[in-house]
Amino acid sequence: MLRQSMVIIFFMCVSSDTQIITIDDTGGLGRRFDGIGGLSGGGATSRLLVNYPDKQRNEILDYLFQPNFGASLHILKVEIGGDAQSTDGTEASHMHNSWEENYERGYEWWLMVEAKKRNPDIKLYGLPWAFPGWVGAGTRSPYTNPEMTATYIIKWIQGALKYYNLTIDYVGIWNERSYDIKYTKVLRQMLDKSGFQNVRIVAADGNWTPVSTDILKDAELASAIDIIGVHYPGTNTIADAVATGKQLWASEDYSTFNDNVGAGCWARILNQNYVNGDMTSTISWNLIASYYSALPYDRDGLMTANSPWSGYYRVESPIWITAHTTQFTSPGWTYLGKKQGVQFLPGGGSIVSLASQDRMDLTVIIETMSHNHSLCIRPFLPPYEVRQQNITIQLKGTFAKVQKLYVWHSKLSFDDQQPSTLFENLGPFHVVNGELQIYLGIDEIYTLTTLATGQKGTYTDPPAPTPFPLPYMETFEEYKENAEPSNFAQQTGSFEVISLKYLSSPVNSGVMPFSSSLHVLRQVVQQPPVAWCDAENVKASINIIGNSSWTDLYVQVDAMTGQVNASDGVFVATRVANLGCEAFEAVGVFFFLFPDKKKYEVTGDLARTQLIANGNADAKTGWNTLGLLVKNNLAVGTLNGQELFGLMLPEKTSKMGFAALGTGSFGIADFDNFQIRDGKDGENYLINKLNTYKQKKDDFNLYFKPGQY
């Protein structure tokens, strides 16, 4: 019945004021279409995805990459990890140091392989946000030694090919930071010498200027750069960019909460980036919101998957908005000319038309997104109006003989009582004498295409979401070397599982041998990186886990700092907040141990500017066990099974947040046997472990006041 009603709307609401839209290829074609993409990384935005159970993880990947199923993306852009915070976390570098390479770190390799597995034709694009400190040679710039930086990038491209059989199609310069003319030329030269002539350079992943004007003035630079990529252009370009003759991309765009307003933003810019700005590719930041919701830009992805412990995920409306374009086009298709199927509509909205390389197939996408229902997070969108309208599509030229078009329809609803229509197949419609008449409502998307291959893929509903599970125990034994353990989200520094041959006992002062399969978690960054934002200004590492609304909690970990290039102390923490690029201002309750100094500190922040208490600590050489209970306004710390401190927290101390571990400075430190318990369970755990604690609780002495419970 719904489909019949849509057919009636499609044909019967046409009146004498119908506007004619001509779709014609005889006057020449427009620019080459390069595809629609999603960006993984740029801040560890896919961090939790890899932790999902296999069934749900494969379903999510199908929704993103499987052709003719869901978003069916043409391009996957990934961060070239640089051991530094880049929005929601840090991504591991393939070269922590100049003398070593490792291509098993991180999860972008895995994601690229999975994307290629589903769509062998997907294009791959790598871009650095930050660089390990050694690349900067002691400076905050990657351009100090252009050859060294180019070698670092080329090794990532070589590693992709050698270890994963992945061909990188595009590479960028430095995300949203200054680009360097000399470095760009050197990168092109060294790519060519290394046999990567087909890797295209996108520059500069920022603004239209100065790269556009530089290209016009410098022939060698123009030869080096293939694509001008900009971020959040607001569908606008500039004359100098067009004059270069380069392909123009919105190489990062969208970044908007993925409700229906976000879907409206995405629908509008997918069309209007070309209609208004001649941009032939639009790439969404981010691909998938697979990071803790309390981190910056919650749910700014095409879909959401931030509960791997439950298997829950959500296929959000932007997935189906993407499908309106991606399922019926391919990179290499061509836009038709302006006013020949590419234009703004008389009543508001826009239309784009694309032809296959052989002009045997045609796809037309129409959007009528209203202003308030298509606001993107950036930039400012000037007011405009959209009204209901009737249009007649006239097919001319090569397409005059088309006799039927397959029609797909979405209508975004902003009324809780009226569900949205998302990517509904209305079936084939006959074209009579080269014409098709359509009534367009507001906040609608139509795709008209000669292709019959579209599909709205579906799976059974995923499991319901559940809270982060407590108690939580992690020995790091189940992971391969170099893996990042499940559910941890490093904010500064870089943490990976390693195998050790000998391990100092957390209990005994001696050294005990154990098999090489025994694993620990190591923080490996030894110097500040060439940073993308200010997070590393604190010059400490922090790795969070859990739930941002936790209040009462017990956290325990074994830690060792006795290695060469060791960090200055280690910590466990609770109630941690202010993260992402603001991690230099991270707050919480931090229990720092400095074994070499035989000291401890309790602070209200990572930077150790909010000192709550300090004192002597009988720390061991090698491994020490740190425990921290925070309940109400009480904090109790233990060291190696003995009570170290008990205190009342200042009123201004953070009231809720994640659990965390980390180091007091950049440098090597190992962690093992991590556990989290809720406040009550943690208290009982201490009562069973510590006689002094039990006595003090029974006496309501120091920590507990009558009537507190």
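The values are calculated or read from the model by the stated rules, or taken from the named source; none is laboratory data. Note that the coordinates shown come from a computational prediction; the quantities given were computed from them, not determined experimentally. All Cβ positions, glycine included, derive from the backbone under ideal geometry; neighbour counts span all protein chains shown.
Before moving on, here are some points about what is shown:
- Ile377 surrounded by fewer than 19 Cβ atoms within 10 Å (Cβ to Cβ), among the β-branched types (Val, Ile, Thr), under 27 Å from Asn258 (Cβ atoms) and within 36 Å of the chain's Cα centre (by Cα): yes
- Cβ pairs under 7 Å, 6+ apart, first in the stretch 108-137 and farther than 20 Å from Gly43 by Cα and of a type in the set (Lys, Arg), second part of a helix (DSSP H, G or I) and at pLDDT 95 or above: Arg118/Leu61; Arg118/Asp62; Arg118/Phe65
- Within this structure, Thr625 fails the test of being within 30 Å of Gln527 (Cβ to Cβ), of a type in the set (Ser, Thr, Tyr) and in contact with a helix residue (DSSP H, G or I) (Cβ under 9 Å, 6 or more places away or on another chain).
- Residue count for the stretch 632-669 satisfying the condition of being without any contact (Cβ under 8 Å) to a residue 60 or more places away in the chain and of a type in the set (A, V, I, L, M): 5.
- Within this structure, Ser567 passes the test of being of a type in the set (Gly, Ala, Ser), in contact (Cβ under 8 Å) with a residue 24 or more places away in the chain, crowded, with 22+ Cβ neighbours inside 10 Å and assigned by TED's automatic domain parsing to the domain that holds Asn487.
- Residue in the stretch 1-53 that is modelled with the highest pLDDT, counting only those that are assigned to a loop (DSSP other than H, G, I, E, B) and closer than 28 Å to Arg387 by Cβ: Asp24
- Any hit, the stretch 184-197, residues being assigned by TED's automatic domain parsing to the domain that holds Thr237, surrounded by 15 or more Cβ atoms within 10 Å (Cβ to Cβ) and acidic (Asp, Glu): no
- Verdict on Asn673 being within 40 Å of the chain's Cα centre (by Cα) and modelled with pLDDT under 95: no
- The criterion of being modelled with pLDDT of 95 or more, under 24 Å from Thr561 (Cα atoms) and hydrophobic (A, V, I, L, M, F, W, C) does not hold for Leu649.
- Failed item, numbered, when Leu422 is tested on (1) of a type outside the set (Lys, Arg); (2) outside any loop (DSSP other than H, G, I, E, B); (3) under 30 Å from Asn547 (Cβ atoms): (3)
- Subset of the stretch 61-91 [of a type in the set (A, V, I, L, M, F, W, C) and surrounded by 24 or more Cβ atoms within 10 Å (Cβ to Cβ)]: Leu64, Phe65, Ala71, Leu73, Ile75, Leu76, Val78, Ile80, Ala84
- Of all the listed residues (Thr663, Thr609), the sole one being out of contact with any strand residue (DSSP E or B) (no Cβ under 7 Å at 6 or more places or on another chain), at pLDDT 95 or above, outside the structural domain of Tyr292 (by TED's automatic domain parsing) and on the phi < 0 side of the Ramachandran plot is Thr609.
- Index of the failed condition, Pro428 passing every other in (1) in a loop (DSSP other than H, G, I, E, B); (2) at pLDDT 95 or above: (1)
- Hits in the stretch 241-296 - residues which are in contact with an Asp or Glu (Cβ under 9 Å, 6 or more places away or on another chain) and of a type in the set (D, E, K, R): Lys246, Glu252, Asp259, Arg268
- Just one of the listed residues (Gly332, Gly277, Gly301, Gly245) is assigned to a loop (DSSP other than H, G, I, E, B), free of Cβ contacts under 8 Å to residues at least 40 places away in the same chain and either in contact with a strand residue (DSSP E or B) (Cβ under 8 Å, 6 or more places away or on another chain) or not aliphatic (A, V, I, L, M) (or both), namely Gly245.
- Matching residues in the stretch 460-471 - criterion: being in contact (Cβ under 8 Å) with a residue 40 or more places away in the chain and surrounded by fewer than 16 Cβ atoms within 10 Å (Cβ to Cβ): Pro463, Ala464, Pro465, Thr466, Pro467, Pro469, Pro471
- Residue selection: Thr235 satisfies the criterion of being out of contact with any strand residue (DSSP E or B) (no Cβ under 7 Å at 6 or more places or on another chain) and either buried (at least 22 other Cβ atoms within 10 Å of the Cβ) or β-branched (Val, Ile, Thr) (or both).
- Of the strands (runs of 3 or more DSSP E) contained entirely in the stretch 521-582, those carrying at least 3 residues that are at pLDDT 95 or above and either of a type in the set (Gly, Ala, Ser) or closer than 21 Å to Ala84 by Cβ (or both) fall at 541-545, 570-577.
- The single condition among (1) at pLDDT 95 or above; (2) out of contact with any strand residue (DSSP E or B) (no Cβ under 6 Å at 6 or more places or on another chain) that Asp169 does not meet is (2).
- For the residues Glu435, Glu474, Glu424, the requirement of being surrounded by fewer than 18 Cβ atoms within 10 Å (Cβ to Cβ), among the acidic types (Asp, Glu) and more than 30 Å from Phe69 (Cβ to Cβ) singles out Glu435.
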